[in-house]
Amino acid sequence: MPRPESPVDPHAGVVQLFAHDLRLLREKAGCPPYRALAQRAHYAPATLARAAGGREFPSLAVTLAYVRACEGDEEQWESRWHEAAAARVPEMRVEPDRHSPAESEAPAQPEEPKKAVRSRIRRGRLVAILAALFLLAGTTVAVVVTAGTDPPQRGKPPVGKAEMVDIHTAADGTVRAWSNTGGFPEWPWSDPVSMVLGQVDPALARFADLDGDGFDELIRIAADGTITAWWNDRGFPDRPWHASVIVGTASATDPAGIHFADLDGDGRDELITVEEVVRAWPNTGDFPEWPWSDPVDLGQAPPGHTRFADLDGDAKAELITLGTTSGTPVQARRNTGAFPARPWGTAVDLGPSHADPERVRFADLDGDGFDELISINPDGTTSAWWNNHAFPDHPWHASVMIGKGWIGDPVSIQFADLTGDDQPGVHTR
């Protein structure tokens, strides 16, 4: 028989009351075991049990998954979650944001467009307030509401769902992009839309969040190592890119060795090169000005087989080695949070390497802050393994097909959060 849950006192505080009410919802659903709930919610049983344990406040994603598995009212519980989270604010110690963007930090643009942007921001703040009062449910078209230009609060990096982009540029510079509807592990994509990137070699294109607003910038690497970035001005699915700025010069001889990942959990991606030695430039938060401080060396890793992804949901990317030969294990080193000192823990095996490194991706497909494992398969399908939150143990659930009918260079397929769809002022309907 399953062990009974420890009692929780609903009068002991906000967290305990919230957990108590989650338990009542489960009782109303017939007290299904957590293993059964896990199959419906796509979260580990232990994660769901902790949500109703009364010791920690669950994330919104976990809460809604719990409610959905119990056939509760998600819209009502989302409102309750926000109320409870707000009630907890006085009890939480939040480190103040030391970076306050000045007017000059907006991307360079003519005076008239500046006025238009400021007007849009003012309107956006009003709409964001109204949107907070009228939460709309649904899963088809993402509607972006600009809520202002302030970066996210330090220590609370934004979390969103990655779009899929096929960088096979047409003659006019457009590519295909699929907006993430939030349906993962079911089919997560809307119909493809055309998005303007301009002519770009897929092997030289990257997407990364350089300013911490939850919207990934477009980055191109030139043959001479010059790194150019286009600020994401939240215009997806139309052309979402603002004027370009040069943000770096990399000495890596192979562009495949240039990466971007958040190593310190502040929501802004660092610039990383891997040429036997992993070297990282901390992101100072000054984008669109030069955003990097002096580089630091973070140890050795094999070029071409190294990736960075957040496997444990703490907003800091782990170091992942895909295996240099067929059948060798995928290894990951947990990010301990010591960056800019060397942040990697002891390597753990995550299972045998199952694909050509060029066909492997990591991206958050469901917006829970844990990156999924993705494979671009030779037969034209794309598979994804849901991250079941078990890292450093084996973190992958059974695979599901999230794409089909695509044949070509796997480098062309990339994943990036272009819509900031889990950010304040961004909703789906």
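The values are calculated or read from the model by the stated rules, or taken from the named source; none is laboratory data. From a predicted model like this one, the values you see are computed outputs, not experimental measurements. Note: ideal-geometry Cβ built from the backbone for every residue, glycine included; neighbour counts use all protein chains shown. We work out accessible area using only protein heavy atoms, side chains counted, and drop any ligands, DNA or RNA first. Shrake-Rupley method; radii C 1.70, N 1.55, O 1.52, S 1.80 Å.
Heavy atoms only, probe 1.4 Å: what % of the accessible area of the stretch 14-87 goes to carbon and sulfur, would you let me know? Roughly 49 percent, rounded to a whole number. The distance separating the Cα centre of the stretch 314-369 from that of the stretch 1-62 comes to 30 Å.
Rounded to the nearest whole Hz, the Karplus-based 3J(HN,Hα) values (6.51 cos²θ - 1.76 cosθ + 1.60, θ = phi - 60°) of the stretch 396-403 follow the sequence 9, 8, 4, 7, 10, 7, 10, x, with x at glycine and proline. Taking amide H positions as modeled 1.01 Å from N, with prolines and chain starts lacking one, the residues under 5 Å from ASP417 and 5 or more places away or on another chain are GLU163, ASP216.
Shape verdict for the stretch 163-416, please, from the Cα gyration tensor: rounded (a/c under 1.5), prolate (a/b greater than b/c) or oblate. Don't skip to the end; give the middle numbers.
Numbers: a/c = 1.44, a/b = 1.03, b/c = 1.39.
The shape class here is rounded.
For the stretch 283-295, the Karplus equation 6.51 cos²θ - 1.76 cosθ + 1.60, evaluated at θ = phi - 60°, returns couplings of 7, 7, x, 8, 4, x, 6, 4, x, 10, 9, 5, x Hz by residue, with Gly and Pro reported as x.
Where a ≥ b ≥ c are the square roots of the eigenvalues of the C-alpha gyration tensor, would you call the stretch 262-368 rounded, which needs a/c under 1.5, or, failing that, prolate if a/b is larger than b/c, or oblate? Could you put the intermediate results ahead of the total?
On the way: a/c = 1.82, a/b = 1.54, b/c = 1.19.
It is prolate, given that a/c is not under 1.5 and a/b is the larger ratio.
For a modelled paramagnetic label at ASP409, 7 Å from Cα along Cα-to-Cβ, the residues of the stretch 161-179 in reach, with backbone nitrogen under 17 Å, are 165-176. Residue-wise HN-Hα couplings along the stretch 187-204, as the Karplus relation 6.51 cos²θ - 1.76 cosθ + 1.60 with θ = phi - 60° gives them from phi, are 4, x, 10, 7, 5, x, 10, 8, 9, 7, 10, x, 5, 8, 6, x, 5, 10 Hz; Gly and Pro carry x.
I need the calculated FRET efficiency for the pair THR249 and ASP379, taking r as the beta carbon distance and R₀ as 60 Å, to the nearest 0.05. Working shown, then result.
Working: r = 40 Å, r/R0 = 0.66.
So the FRET efficiency works out to roughly 0.90.
Mind checking which aspartates and glutamates have their Cα closer than 17 Å to the Cα of LYS404? Skip sequence neighbours fewer than 8 apart in that chain. Counting by Cα, and skipping residues close in sequence, LYS404 has these aspartates and glutamates nearby: GLU163, ASP166, GLU186, ASP191, ASP379. A cut-off of 5 Å between modelled amide H atoms, ignoring neighbours fewer than 5 places along the same chain, links HIS168 with ARG176.
Using a 7 Å offset from Cα along Cα-Cβ at GLU71, what residues in the stretch 34-51 end up with backbone N under 18 Å from the label point? Of the residues in the stretch 34-51, 34-42 have backbone N under 18 Å from the label point off GLU71.
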